[in-house]
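Working notes for the structure below.
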Amino acid sequence: MNEKQARFFQLVSMYPSPHNGQPMVLKKINETTYDLYFQTARGLTATPISYLFSFTTIGVFVEYIEACGRALGHVVTVNVKLPTVEAMAQSDSDLLCGRMTIAWSATAADERLVAAIEFRQTSRKKYSRGLLPQEKTQLATLMSEGQRLIFLPNREAMQTIWLNQRAVFDDMFDNEVRSELAHWLRTSHKEKIAKKDGLSYDCMELSGTMLRLVLQHYKVLHWPIIAPLLKRYYMRTMKDSSTVGYLLSTFETEHQSFEIGKTITRMWLELSRHHKYLHPFGTIVSNNQAHNDFVQLVGLEDESRDKDYVVFIFRAGTSEVPVRSERLGIMHMVE
């Protein structure tokens, strides 16, 4: 691998993924052709909807790898060939999901896009400012067919942040979700460096000791004195000036889920161009009670997957620079 290729794949390896699982791998055919695979062992499986959302992760990656190509002056073309959701749920191996061809140094580089890609990351810190009206308007232009982006007024925004906290705590009482979290949470610096994946305590703005306590003794989240203290501790970076928004989309097929992922990447990189961070509230989407409460909060009547389904909720704005998550790197991603 030459220096040009290494630079491209290093940039690609920073793509976002749920729980920082990094499930996408590229298998080299020749110098310009790579097959794309989804590693099911690195996907989420704890909730019934997890498998369909795996195609959102694939969409995030495809849009991201194409953006990395444009940024560095390479023309990346991905011929997508999605597996079925049934295969995603039943497989315990790598699933082929497309083929990438790349024309190296075929066009001019875009340094501003390079900077946006390098800036992009999740921030769970307190946000000092939200989005400007023109930034909201620009994000709304990035939707695909069948998608709508809606921003919440301050009162509903704060209630959404509270719903996210409640859902995170409630999920600890779901055995499958708690087991999945225990697999991906990194509660010490040693573990974070050794595994180079997962949700690290410092990236989450939480104490590793507290995370271990909750994982091992989750029932304390219902204790009269301890529970309010833990909730206040968790919420200390959430009551801020961020903008909260959500994405509505049709959500019945693998392709629709894939398109949601592409839209998320476009939004995230557009925010990064303006040095704005994003924090996904995925737990509200996957937790049935929190999801239903959110739908009632925003007054969404007759939510359905064939028209308007809440597929992505987030807060965005300006914060201090967050801690970088560890990544498995090029040797894992490119085989």
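The values are calculated or read from the model by the stated rules, or taken from the named source; none is laboratory data. Here the structure is a predicted model, which is why all the values come from computation and not from measurement. All Cβ positions, even for glycine, are placed from backbone atoms using ideal geometry, and neighbour counts span all protein chains on display.
For Ser242, work out the one condition from (1) touching a residue at least 24 places away in the same chain (Cβ under 8 Å); (2) under 30 Å from Met100 (Cβ atoms) it doesn't fulfil.
Single failed check for Ser242: (2).
Residue-by-condition table, conditions (1) part of a loop (DSSP other than H, G, I, E, B); (2) under 30 Å from Met88 (Cβ atoms):
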| residue | (1), (2) |
| --- | --- |
| Thr209 | no, no |
| Ser241 | yes, no |
| Glu252 | yes, yes |
| Ser257 | no, yes |
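Mind telling me which of the residues Ala167, Ala89 ends up being at pLDDT below 95 and assigned by TED's automatic domain parsing to the domain that holds Leu230? Even if it seems obvious, please write down each step before you answer.
Values: Ala89 fails: assigned by TED's automatic domain parsing to the domain that holds Leu230.
On inspection, the qualifying residue turns out to be Ala167.
Which of the residues spanning the stretch 173-231 are within 22 Å of Trp162 (Cα to Cα) and β-branched (Val, Ile, Thr)?
Val177, Val214, Val220, Ile225, Ile226
In the stretch 108-207, which helices (runs of 4 or more DSSP H) lie fully inside it and hold 3 or more residues that are more than 20 Å from the chain's Cα centre (by Cα)?
Hits in the stretch 108-207: 133-140, 154-171, 189-195.
Just give me the residues in the stretch 17-48 being part of a helix (DSSP H, G or I) and under 15 Å from Leu82 (Cα atoms), in sequence order. Spell out how you get there, then give the answer.
Filtering the stretch 17-48 for residues part of a helix (DSSP H, G or I) gives 18-20, 40-42.
Passing the criteria: only Thr40.
Can we say Thr77 is within 26 Å of Leu271 (Cα to Cα), touching a Ser or Thr at 6+ places or on another chain (Cβ under 8 Å), assigned to a helix (DSSP H, G or I) and among the polar types (S, T, N, Q)? Show your work before the answer.
Values: within 26 Å of Leu271 (Cα to Cα): yes; touching a Ser or Thr at 6+ places or on another chain (Cβ under 8 Å): yes; assigned to a helix (DSSP H, G or I): no; among the polar types (S, T, N, Q): yes.
Considered against the rule, which asks whether it is within 26 Å of Leu271 (Cα to Cα), touching a Ser or Thr at 6+ places or on another chain (Cβ under 8 Å), assigned to a helix (DSSP H, G or I) and among the polar types (S, T, N, Q), Thr77 comes out as no.
For the stretch 286-298, give me each residue that is touching a strand residue (DSSP E or B) at 6+ places or on another chain (Cβ under 8 Å) and surrounded by fewer than 23 Cβ atoms within 10 Å (Cβ to Cβ).
Here is the first cut: in the stretch 286-298, the ones touching a strand residue (DSSP E or B) at 6+ places or on another chain (Cβ under 8 Å) are 291, 294-295, 298.
Result: His291, Val295, Val298.
When the stretch 251-269 is examined, which residues are found to be touching an Asp or Glu at 6+ places or on another chain (Cβ under 7 Å) and charged (D, E, K, R)?
Glu252, Lys262, Arg266
In the stretch 83-107, what residues are in contact with an Asp or Glu (Cβ under 9 Å, 6 or more places away or on another chain), part of a loop (DSSP other than H, G, I, E, B) and closer than 23 Å to Leu72 by Cα?
Result: Trp104, single match.
Would you tally the residues in the stretch 89-119 being among the hydrophobic types (A, V, I, L, M, F, W, C) and more than 21 Å from Ile264 (Cα to Cα)? Spell out how you get there, then give the answer.
Going residue by residue through the stretch 89-119, those that are among the hydrophobic types (A, V, I, L, M, F, W, C) are 89, 95-97, 100, 102-104, 106, 108-109, 113-117, 119.
Those still in the list that are more than 21 Å from Ile264 (Cα to Cα) too: 89, 95-96, 102-104, 106, 108-109.
The total comes to 9.
Please indicate, with yes or no, whether at least one residue in the stretch 50-65 is part of a loop (DSSP other than H, G, I, E, B) and either surrounded by fewer than 22 Cβ atoms within 10 Å (Cβ to Cβ) or hydroxyl-bearing (Ser, Thr, Tyr) (or both).
No.
Here's the yes/no breakdown for (1) polar (S, T, N, Q); (2) over 22 Å from Glu205 (Cβ atoms); (3) buried (at least 18 other Cβ atoms within 10 Å of the Cβ); (4) not assigned by TED's automatic domain parsing to the domain that holds Asn20:
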{"residue": "Asp94", "(1), (2), (3), (4)": "no, yes, yes, no"}
{"residue": "Ile102", "(1), (2), (3), (4)": "no, yes, yes, no"}
{"residue": "Ala106", "(1), (2), (3), (4)": "no, yes, no, no"}
{"residue": "Arg112", "(1), (2), (3), (4)": "no, yes, no, no"}
{"residue": "Ala116", "(1), (2), (3), (4)": "no, yes, yes, no"}
{"residue": "Leu131", "(1), (2), (3), (4)": "no, no, yes, yes"}
{"residue": "Lys136", "(1), (2), (3), (4)": "no, yes, no, yes"}
{"residue": "Glu145", "(1), (2), (3), (4)": "no, yes, no, yes"}
{"residue": "Pro153", "(1), (2), (3), (4)": "no, yes, no, yes"}
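Hey, among the residues in the stretch 299-309 that are under 20 Å from Asn164 (Cβ atoms) and touching a residue at least 12 places away in the same chain (Cβ under 8 Å), which one's surrounded by the fewest Cβ atoms within 10 Å (Cβ to Cβ)?
Filtering the stretch 299-309 down to residues under 20 Å from Asn164 (Cβ atoms) leaves 299-300, 303, 309.
Those still in the list that are touching a residue at least 12 places away in the same chain (Cβ under 8 Å) too: 300, 309.
Values: Leu300: 15, Tyr309: 20.
Taking the candidates together, the pick is Leu300.
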